[in-house]
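Working notes for the structure below.
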């Protein structure tokens, strides 16, 4: 997703009451499956102010009615979600998830597959955007090359519907905002800062991931995305209506190995979308498995 | 490891603890009042008022974000009216209990112990309400005391505890299993010995002993299962002894989940994801409350 660094005067944002916040939070959760923590109240407040200005809503109550209306609601909700998730894409975005993957899920899968001599790991970043998630995985796995992943074949596939972001992913050049969460160790080892704020990803990392266009609604193509050990799909399903969401998640379920894991974004939920997946909890998050 | 051997090891260990604190008299009195039917509000009020430190603490706590009064409450009497009898009982117990562990910062500091314990108390109460367990205050109280063994184990056996934590760096583990391996007993057995010394009621003792094995409970398996699940959820939502434990769990495979679904089939529809996110929202409240009970009281 494109970066939007337009300055915004948060002071001018109308204050949202607890009641309005809870009402909107519940509505967004029920429709989109993403939860707004209380700590994000002020963030939501400032983002809402922009949308209220655009839609001519004077109060939070008016805006709530507006997003709920059948005619305009869904489109408006997507625009609000854009405001809320726009700046989130970056390397090492979800640390608790990555820690759990390194500590538990990766060693577990390596042990299971290693036992049967099947030394191949397949990872899918669905809705990869400009590639940060896929390349984060690539860097983490490269670090295991000398140990548990010695002689393993690693395939990381990033897909997105948007050709522009895929071109950026293939290019592998990022700005300082994208690398803001990257631990120094990885930044020094796998990026070259060619000019101030221009970070070029090392060929070693780029080689590990490939990117292609895919529409998650395309049932035929989805059938061919087979046998993944890990699937990541963060902040994508929130844009889908319930029926499409269920269908897409069923595809992910089918495309996952029996011992694989499916990860969604940090505040997302699949509750009521698919009753086959089981939740596996870890410090700071959870994932889904079969 | 053999259960009887672990129990024996715990008993020997607790006997060897030098300066094991005694439970404050006021806490013993509150415990006596816990299960006695027909206790009068005045009895509890008198008891609180007789102890200035306790009274000050009750007022501090009732004003913390967890209880959310609309206006500041300045007297014990107002606190009683605001909270009602059942809640004042739980508050009095908590406040009377706080000093027991003073200065017992071991490998785990006392603040993170209390954050975890209050967290488990609060979550246990929420789960109890969801499954319609008849005494949700009891669920809160057992949550507060479930890990008393941990304080003493991590304080009196610091060297062994440190080796334990060093050995698990970067690997998932359950503390209770690692303790058995490194110390020949665990915080469950040690906690039970202490709870008996302090004359805790039998169902409280059972939770302390079996909060990691609710399927073995006899007196109240539901209560043990509630404490177990609350403990698990807190361990993955920032109320985890400052990150010292590293737990993962598959909810569908947890015995406590099975026990509670048997007790209340509607639990199967629980939105577990949202439950976790709402718990995240309560973490600052719980941390704030722990801060409030230790702050500015000249105990």
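The values are calculated or read from the model by the stated rules, or taken from the named source; none is laboratory data. Bear in mind that the values here come from a model prediction, so they are computed numbers and not experimental data. Quick reminder, even Gly has a Cβ in these numbers, built from the backbone with ideal geometry, and neighbours come from all protein chains shown.
Overview of values
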quantity	calculated
Complete set of residues in the stretch B:242-253 that are within 10 Å of chain A (Cβ to nearest Cβ) and in a loop (DSSP other than H, G, I, E, B)	B:243, B:245, B:247, B:248
Residue match in the stretch A:248-260 (condition: within 13 Å of chain B (Cβ to nearest Cβ) and touching a helix residue (DSSP H, G or I) at 6+ places or on another chain (Cβ under 8 Å))	yes
All helices (runs of 4 or more DSSP H) inside the stretch B:67-177 with 1 or more residues being in contact with a helix residue (DSSP H, G or I) (Cβ under 6 Å, 6 or more places away or on another chain), without any contact (Cβ under 8 Å) to a residue 60 or more places away in the chain and over 30 Å from residue B:268 (Cβ atoms)	B:76-97, B:110-130, B:148-156, B:158-167
Residues (in contact with a helix residue (DSSP H, G or I) (Cβ under 9 Å, 6 or more places away or on another chain) and outside any helix (DSSP H, G or I)) located in the stretch B:11-34	B:17, B:18, B:20, B:21, B:22, B:23, B:24
Subset of the stretch B:266-275 (residues that are facing chain A (nearest Cβ under 7 Å) and part of a helix (DSSP H, G or I))	B:272, B:273, B:274
Residue under evaluation residue B:263, criteria (1) buried (at least 21 other Cβ atoms within 10 Å of the Cβ); (2) more than 14 Å from chain A (Cβ to nearest Cβ); (3) under 22 Å from residue B:122 (Cβ atoms), criterion not met	(1)
Those residues of the stretch A:10-24 which are modelled with pLDDT of 90 or more, part of a helix (DSSP H, G or I) and surrounded by fewer than 18 Cβ atoms within 10 Å (Cβ to Cβ), in sequence order	A:18, A:19, A:22, A:23
Hey, residue A:43 on the phi < 0 side of the Ramachandran plot and out of contact with any strand residue (DSSP E or B) (no Cβ under 9 Å at 6 or more places or on another chain) or not	yes
Answer from A:284, A:265 - the residue that is in contact (Cβ under 8 Å) with a residue 40 or more places away in the chain, at positive phi and within 14 Å of chain B (Cβ to nearest Cβ)	A:284
Sole residue being buried (at least 17 other Cβ atoms within 10 Å of the Cβ), more than 9 Å from chain A (Cβ to nearest Cβ), in contact (Cβ under 8 Å) with a residue 24 or more places away in the chain and in a loop (DSSP other than H, G, I, E, B), chosen from B:229, B:279, B:223, B:239	B:239
